[in-house]
């Protein structure tokens, strides 16, 4: 039986307590090589483009269908299906994919687990007028609204 010590308890604390809150493994899945990417690293990644294979790996990781990913990226599902696994999606789609990955990382950080965030983002939210947060991700304003609600939750404001 493992004895509880102060060292064992540290693992259960939020990542922010250890200065690694910005670690984004979902962005890393899309070709980013840095554990703590700067905005310039993300800019370079978006400009280079993200392969369909990486995009689908992200979708699988966050439990989204191709149809859902296509709607967030503003690309037709059929076009996305026609791409080969190595095809790089254009900058504007890569930019939105990175934004989606960062949103999921932030949500997991605030709510504590992928399961909790996946459930939250697909459920109607009173603070958003009863809207489902995921349905707002078709616009940059919607992304901002969802991030604002996560900030409110993080600070204990009713959301």
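Consider a paramagnetic label point 7 Å from the Cα of residue 77 along Cα→Cβ; state which residues of segment 112-133 have an amide N under 19 Å from it.
From segment 112-133, the list is 122.
Length gain on complete extension for the stretch residue 92 to residue 61, per 0.36 nm per residue less the alpha carbon to alpha carbon distance? Mind showing how you got there, number by number?
Values: separation 31, 0.36 × 31 = 11.16 nm, distance 2.14 nm.
Result: 9.0 nm gained on full extension.
Any chance you could check the Cα centroid distance between segment 64-115 and segment 141-157 for me, in angstrom?
20 Å
Starting from the Cα gyration tensor of segment 37-127, take the square roots of the eigenvalues, sort them a ≥ b ≥ c, and report rounded, prolate or oblate (rounded when a/c is under 1.5, otherwise prolate if a/b is larger than b/c, else oblate). Could you put the intermediate results ahead of the total?
Values: a/c = 2.12, a/b = 1.39, b/c = 1.53.
The shape class here is oblate.
Laboratory data are not the source of any read-out in this text; all were calculated from the coordinates shown. All values reported here derive from a predicted model rather than from experimental measurement. Quick reminder, even Gly has a Cβ in these numbers, built from the backbone with ideal geometry, and neighbours come from all protein chains shown.
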